[in-house]
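Taking it in order: structure first as structure tokens, then the write-up.
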Amino acid sequence: MTDQPTIAEREASSILQTYGRYPLTLVRGEGCRVYDETGQEYLDCLAGIAVASLGHANAAVAARVARQMTKLVHVSNLYYTQPQVELAERLKDLSGLDRVFFANCGATANETAIKLARRWGQKTRGAECYEIVSLLDSFHGRTLAALAATGQPKKQAIFEPLPTGFVQVAAHDIDALAEVIGPQTAGVMIETIQGEGGVIPIEKGYMQELRELCDRHDVLLIIDDIQAGIGRTGTWFSWQQLEVDPDIATLAKALANGLPIGACLSTERAAAFDYGEHGTTFGGGPVVTSAALAVLEEIEARDLLENCRNRGRQLASLLTALPGVSEVRGRGLMLGAVLDSPRAAEVNRAALSNGLLVNNVAADTVRFTPPLIITEEEVNEAVSKFSASLQAGSEW
Ligand SMILES: *Cc1c(COP(=O)(O)O)cnc(C)c1O
């Protein structure tokens with residue numbers, strides 16, 4: 001009798017090989033736990049890269065989605081639909097921004113932001129005003145323009161030529177930023193914590209100087225809150241604890257707890273699109289926007305911003321105390337445990353075999369972005385599993 005091929009084997013011969021996947025096939029989730037095909041349980045402290053903030057199989061989201069699925073799934077943006085407008089109103093209330101465009105993911109939210117900034121520059125400051133400044137080690141997505149804004153030369157080089165009109169400077173060097181800003185600059189795009197770059201928090205002082213610089217030169221401040229937004233750092237949006245207001249902000253990851261959605265928010269001043277200048281078939285559909293409404297309700301009803309702050313403090317202080325951890329970076333429940341040597345990949349492997357999902361976001365850094373619903377006991381459990389993994393990782 002011949003053995004059936006495994007999912008991993010079938011993946012290897014059917015999927016474009018762009019992902020180096022961890023060796024497990026997940027079939028089910030509940031709260032902060034996921035289960036593989038053998039029934040093995042894992043404590044999920046990654047949450048699908050800061051997406052499943054309400055945990056897996058959240059009942060309120062599932063019920064809202066199920067109800068909407070039987071009512072109206074898709075009609076396109078040729079017509080008004082109620083959940084889209086309700087979600088826009090909710091996001092306006094929470095963010096203080098004025099208008100929303102719904103996209104399908106992070107990259108398309110950032111494409112929207114880039115196009116909006118270019119349109120604004122062209123309309124208010126002239127055809128030569130289109131450049132977007134961003135930071136080295138940033139991550140803004142995989143589409144060509146978002147990649148052009150992503151300050152990672154290695155990721156960019158293999159897809160050249162990229163769209164022009166993008167420039168990157170080092171983080172925390174306000175003079176370098178001031179140097180590149182000129183009449184050609186339409187916007188500065190920035191993450192408040194560089195997630196994919198290794199969980200590098202951008203300092204409040206630098207963010208405030210950046211805001212002043214943008215004001216002085218009449219340039220738009222675009223905050224990419226795709227990973228850090230929707231409660232991840234302990235406030236609805238990450239900029240709210242840094243006391244800077246963006247002109248444009250982008251959201252995606254946690255907004256619909258796993259259904260694909262993106263959003264580009266803007267002030268009235270920056271809302272430069274006219275009819276027909278931008279659009280999407282799927283964006284802002286009734287199902288994903290209903291899911292997002294349920295997400296925002298759950299975060300509020302369950303005080304998850306407060307839980308995020310408390311559990312974030314707990315997780316950071318327990319991780320900091322571990323031998324082998326030299327520093328813990330980040331805010332709220334978006335944390336990077338920096339190891340005393342570049343062995344994050346080994347430690348991550350060990351964590352996997354100890355039933356803990358995290359990820360090695362840099363050679364020496366392990367990222368923790370657990371669901372915002374994580375309990376005190378689950379944080380303790382995660383840290384004890386991680387501690388065991390640090391020991392195992394050091395023996396390899
Ligand atoms: C994940 C991410 C993106 C890209 O989102 P996709 O949905 O994968 O396109 C962009 N910016 C930041 C900061 C992200 O973390």
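For the reader, a short list of remarks on this structure follows.
- Restricting region 168-181 to residues that are in contact (Cβ under 8 Å) with a residue 12 or more places away in the chain and over 19 Å from Thr250 (Cβ atoms), the residue that is surrounded by the most Cβ atoms within 10 Å (Cβ to Cβ) is Leu177.
- Taken over region 23-47, residues that are in contact with a helix residue (DSSP H, G or I) (Cβ under 6 Å, 6 or more places away or on another chain) and of a type outside the set (A, V, I, L, M, F, W, C) amount to 1.
- Criterion applied to Gly276, Gly262, Gly283, Gly312 was being more than 13 Å from the ligand (Cβ to nearest atom) and farther than 16 Å from Pro370 by Cα, and the one residue passing it is Gly276.
- Taking (1) of a type outside the set (D, E, K, R); (2) buried (at least 24 other Cβ atoms within 10 Å of the Cβ); (3) more than 12 Å from the ligand (Cβ to nearest atom) in turn, Gln208 satisfies each apart from (2).
- Against the numbered list (1) without any contact (Cβ under 8 Å) to a residue 40 or more places away in the chain; (2) of a type in the set (Gly, Ala, Ser); (3) assigned to a strand (DSSP E or B), Ala186 comes up short only at (1).
- Candidates Gln241, Gln194, Gln227, filtered to the one that is among the polar types (S, T, N, Q) and farther than 20 Å from Arg367 by Cα: Gln241
- Counted residues, region 352-375 - those being touching a Ser or Thr at 6+ places or on another chain (Cβ under 6 Å) and in contact (Cβ under 8 Å) with a residue 40 or more places away in the chain: 2
- Residue in region 183-191 that is closer than 26 Å to Phe368 by Cβ, loosely packed, with under 15 Cβ neighbours inside 10 Å and over 21 Å from the mean Cα position of the chain (by Cα) present: no
- Of the residues Thr150, Thr108, Thr112, the single one that is of a type in the set (S, T, N, Q) and farther than 25 Å from Leu296 by Cβ is Thr150.
- Figure legend. Inter-residue proximity from region 138-153: first residues more than 9 Å from Gln168 (Cβ to Cβ) and polar (S, T, N, Q), second residues near the ligand (Cβ under 10 Å from one of its atoms) and outside any loop (DSSP other than H, G, I, E, B), beta-carbon distance below 8 Å, spacing 6+ or different chains. Indicated pairs: Thr143/Ala107; Thr143/Thr108; Thr143/Asn110; Thr143/Glu111.
- Top-ranked residue in region 66-94 [being β-branched (Val, Ile, Thr) and in contact with a helix residue (DSSP H, G or I) (Cβ under 9 Å, 6 or more places away or on another chain); ranked as farthest from Trp236 (Cα to Cα)]: Val75
- Number of positions in region 131-151 that are surrounded by 18 or more Cβ atoms within 10 Å (Cβ to Cβ), more than 12 Å from the ligand (Cβ to nearest atom) and part of a strand (DSSP E or B): 3
- Residue ID - farthest from the ligand (Cβ to nearest atom), chosen from residues in region 237-254 that are of a type in the set (Val, Ile, Thr) and crowded, with 24+ Cβ neighbours inside 10 Å: Ile248
- Residue satisfying all of: in region 1-33; small (Gly, Ala, Ser) and under 27 Å from Ala62 (Cα atoms); surrounded by the fewest Cβ atoms within 10 Å (Cβ to Cβ) among these: Gly31
- Selection count where residues are assigned to a helix (DSSP H, G or I) and more than 16 Å from the ligand (Cβ to nearest atom), scope region 117-130: 8
- Screening region 82-103 for residues that are touching a Leu at 6+ places or on another chain (Cβ under 7 Å) and not basic (Lys, Arg) and picking the one that is nearest to Arg269 (Cα to Cα) gives Leu97.
- Residue pairs whose Cβ atoms lie under 7 Å apart, sitting 6 or more positions apart in sequence or on different chains, and linking a residue in region 98-117 that is within 12 Å of Asp224 (Cα to Cα) and modelled with pLDDT of 95 or more to a partner that is among the acidic types (Asp, Glu) and within 8 Å of the ligand (Cβ to nearest atom), are Asn110/Asp224.
- Residue check, Ala157 in contact with a Pro (Cβ under 7 Å, 6 or more places away or on another chain), among the small types (Gly, Ala, Ser) and either modelled with pLDDT of 95 or more or buried (at least 22 other Cβ atoms within 10 Å of the Cβ) (or both): no
The values are calculated or read from the model by the stated rules, or taken from the named source; none is laboratory data. Predicted, not measured: the structure shown is a model, and the values here were computed from it. Glycine gets a Cβ as well: all are built from the backbone with ideal geometry, and neighbour counts include every protein chain shown.
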